[in-house]
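Below is one structure, written out as C-alpha cells; the observations come after it.
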Amino acid sequence: MGDYPAVVQSQIQGDHEEAKREEITSENGNELKAPTLVHYKWWIQMVIYSILVLSTQAIGTLLGRIYFEKGGNSKWLATLVQTIAFPILIPFLFIKSTKTNKNIEIKKPSFIIVSSLYALLGLFVAGNCMLYTIGLQYLPVTTYTLICASQLGFNALFSYFLNNQKFTPYIVNSLVILTVSSSLLVLHNDDSGELTNNKTSRQKYIFGFLSTVAASAGYALMLSITQLALQKIFKRESFRLIIEMSVYQSITATMAILIGLIASGEWKKLEKEMEEYEVGKISYVLNLIGTSISWQFYTVGSIGLIFKVSSLFSNVISILGLPVAPVLAVMFLHEKLTGIKVMSMLLAIWGFVSYLYQHYLDDLKDKAAKGVN
C-alpha cells in the first residue's frame, strides 16, 4: 500500500493540518497540546470502532449458528435479525457532531443522490445477509469464518479500481496467503465427520461454501462503494453521518428482507418454530435480540473504520477477529478443530500480520515525511 489511500490522506492530513494551524496560532507554552489531542482522538476513535467490529462479529456469528443448531430453520428470519435493530441507533442522530474542517463549507449532496445511494447499499446489505445466512446454516462456524477471509482479497481488488488502493509486496503476500487459507477449506471432506454431525449433505456444504464466497465478494464491493461515496458525495466526516449511513441502509435492507419473508410464507411457521426450539421460547427470543443488536453495532464499527482509514482496513480488522468465532464454537458448540482448519487459521493470521506490517511501514513513512519523531 505504498501510500495511504486517498481517504486516509485526506482525513489524517486534515487532522494534522488543523493541529498545525492551532500550533502556529498559539505562541505560548500550550502549543503542543492541540496536535497531541488531535492525534490521540483519532487513535481512540480507531480503537472504539475496532472493538465494536471484533466483539460484535464474533457474538453475531456464534448466535446465528446457535439459532440453526437448536432448531431454527427460517433463512429469512435469520437474515432479518441482521438489519432490523436499526431503531436503537436513532437516538444517536440527535447528538451534535463537531465538524472536521471548520473553515471549509461543503455543499450537501442532493436528496435524490443520497436516497439512491442508501437504496443501493441497503439492497447490497439484504443480498449479502441472505448469502451469509445460507453459509452459516450449511457450514460449521469454523469453516464459515475462515472462508470469510476471502473478502479481504476481493476488497483489495475493488479498492484498487475504485479507491486508488496501491499494492506492495506485503499487501500482495497478504492477499495470496488469505486466498490460499480460504481455498484450503474446499478440500475439507466427510472424513472429519463434520458433514454427518451437522446433518448437512455434500451438496449443501458446497452451496454454503459458494454462498459465503459470493457474500464475501459482495460485502467487499459494498465497502469500496461506501468509501467512494464518502470521497465523492459526502466529502465530510462526522459521527452523525456514520449513524445516518447505518440507519438508512438498514431501513432499506429490512424492508427488502421483510418482503422476502412474507412472500416466502416462512412467517407462518415462526410460531411453531419458537414452540419447538430446543432451549425454550425465552432463549429463542433472546437469541434473535442478541443477534440483531450485535450486527447493528458491527455496522457502525465497520463504517466508522472506513471513515477513519479505508474500506480495506475495515475489512482487515474484521479478518483480525477471524480466530475468535471458531474458538468460541469449539468451546460452546463442540465443533471439531481439524488439522486443515488449524492450518487455514494460521495462514489467515499470517496474512493479516503481513498487511498490518505494511500499515506500520506506511505510518513510519508518513511520520518521516512530516518530520514527526
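The values are calculated or read from the model by the stated rules, or taken from the named source; none is laboratory data. Keep in mind that what you see is a predicted model, and the values were worked out from it rather than measured. Every residue, glycine as well, gets a Cβ built from its backbone with ideal geometry; the counts of neighbours run over all protein chains shown. Heavy atoms of the whole protein, side chains included, go into the accessibility calculation; ligands, DNA and RNA do not. Shrake-Rupley method; radii C 1.70, N 1.55, O 1.52, S 1.80 Å.
See the values below:
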{"item": "Unmet criterion (only one of (1) of a type in the set (A, V, I, L, M); (2) modelled with pLDDT under 90; (3) over 30 Å from K269 (Cβ atoms); (4) part of a helix (DSSP H, G or I)) for L62", "result": "(3)"}
{"item": "Subset of segment 289-316 [open to solvent by 10 Å² or more (accessible area, probe 1.4 Å), under 23 Å from T143 (Cβ atoms) and of a type outside the set (G, A, S)]", "result": "W295, Y298"}
{"item": "Segment 154-177, subset in a helix (DSSP H, G or I), touching a residue at least 40 places away in the same chain (Cβ under 8 Å) and of a type outside the set (A, V, I, L, M, F, W, C), residue farthest from Q203 (Cα to Cα)", "result": "Y170"}
{"item": "Qualifying residues in segment 181-205 (those that are in a helix (DSSP H, G or I) and at pLDDT 75 or above) - the one farthest from A229 (Cα to Cα)", "result": "R202"}
{"item": "Matching residues in segment 221-234 - criterion: being over 17 Å from L52 (Cα atoms) and either of a type in the set (A, V, I, L, M) or in contact with a helix residue (DSSP H, G or I) (Cβ under 9 Å, 6 or more places away or on another chain) (or both)", "result": "L221, M222, S224, I225, T226, Q227, L228, A229, L230, Q231, I233, F234"}
{"item": "Wholly enclosed helices (runs of 4 or more DSSP H) of segment 274-360 bearing at least 2 residues at pLDDT 80 or above, within 19 Å of the chain's Cα centre (by Cα) and within 21 Å of N163 (Cβ to Cβ)", "result": "281-308"}
{"item": "Checking T145 against (1) within 16 Å of the chain's Cα centre (by Cα); (2) among the β-branched types (V, I, T); (3) within 21 Å of I257 (Cβ to Cβ), the condition it does not meet", "result": "(3)"}
